[in-house]
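Below is one structure, written out as structure tokens; the observations come after it.
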Amino acid sequence: MKRLSMDDRLAKNRFDSDDHNSHILVDKEACRSCGHRACTYCCPAERYKWDTINDKLSFDHVGCLECGNCRLICERLNQGAEGYSWNYPGQGIGIIFREG
Ligand code: SF4
Ligand code: SF4
């Protein structure tokens, strides 16, 4: 059986995303001092990646499944530290699950 890429799997859902206003904010410069970078392995949609070339966090809110894992695992998101915030997308936008 063919193994689907993350993009293929995400495409099985429907997204009505606000491409320009992220419902999750992270301060990528401040993230350089994070000791665990747990967001890069807790996100089921692989929205957080560590850019090893630039030694910087990369984050794309489009494709977010709104599971809340990153808010639980990142103390800065959890506590709403300066430069960090987590909210659901505005009413009526975001993910529309087709399966499961
Ligand atoms: S866990 Fe939080 S502070 Fe650490 S890299 Fe990820 S978003 Fe930044
Ligand atoms: S809410 Fe879930 S899917 Fe969205 S970015 Fe955070 S961990 Fe990833």
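The values are calculated or read from the model by the stated rules, or taken from the named source; none is laboratory data. Keep in mind that what you see is a predicted model, and the values were worked out from it rather than measured. Reconstructed Cβ throughout: ideal geometry from the backbone, glycine too, with neighbour counts over all protein chains shown. The accessibility values were calculated without ligands, DNA or RNA, using every heavy atom of the protein model including side chains. Shrake-Rupley method; radii C 1.70, N 1.55, O 1.52, S 1.80 Å.
If you take the residues of the stretch 13-45 that are aliphatic (A, V, I, L, M) and touching a Phe, Trp or Tyr at 6+ places or on another chain (Cβ under 7 Å), which of them is nearest to residue 55 (Cα to Cα)?
Applying the filter and picking the extreme gives 26.
Scan the stretch 68-82 for residues that are open to solvent by 40 Å² or more (accessible area, probe 1.4 Å) and touching a Lys or Arg at 6+ places or on another chain (Cβ under 9 Å) and jot them down.
78, 82 - these are the residues of the stretch 68-82 that are open to solvent by 40 Å² or more (accessible area, probe 1.4 Å) and touching a Lys or Arg at 6+ places or on another chain (Cβ under 9 Å).
Pairs needed: first member in the stretch 36-47, at positive phi; second member anywhere, open to solvent by 20 Å² or more (accessible area, probe 1.4 Å) and near ligand 1 (Cβ under 10 Å from one of its atoms); C-beta distance under 9 Å; at least 6 residues apart or different chains.
Hits for this filter: 37/50; 46/40.
Within the stretch 22-47, restricting attention to residues that are within 13 Å of the chain's Cα centre (by Cα) and open to solvent by 60 Å² or more (accessible area, probe 1.4 Å), which residue is farthest from ligand 1 (Cβ to nearest atom)?
44
Could you grab me the full set of residues in the stretch 58-83 that are within 12 Å of ligand 2 (Cβ to nearest atom) and in a loop (DSSP other than H, G, I, E, B)?
Across the stretch 58-83, the qualifying residues are 60, 61, 62, 63, 64, 65, 66, 67, 68, 74.
Mind telling me which of the residues 49, 28 ends up being modelled with pLDDT of 90 or more and assigned to a strand (DSSP E or B)?
Result of the check over 49, 28: 49.
Can you spot a residue in the stretch 55-67 that is free of Cβ contacts under 8 Å to residues at least 12 places away in the same chain and either within 11 Å of ligand 1 (Cβ to nearest atom) or open to solvent by 60 Å² or more (accessible area, probe 1.4 Å) (or both)?
Kept after step one, since they are free of Cβ contacts under 8 Å to residues at least 12 places away in the same chain, are these residues of the stretch 55-67: none.
No; the residues of the stretch 55-67 include none that is free of Cβ contacts under 8 Å to residues at least 12 places away in the same chain and either within 11 Å of ligand 1 (Cβ to nearest atom) or open to solvent by 60 Å² or more (accessible area, probe 1.4 Å) (or both).
Tell me the residue from 32, 47, 37 that is in contact with a His (Cβ under 8 Å, 6 or more places away or on another chain) and either within 15 Å of ligand 2 (Cβ to nearest atom) or farther than 20 Å from residue 5 by Cβ (or both), please.
Answer to the check: 47.
Kindly establish whether residue 18 is under 23 Å from residue 91 (Cβ atoms) and surrounded by 13 or more Cβ atoms within 10 Å (Cβ to Cβ).
The answer is yes for residue 18.
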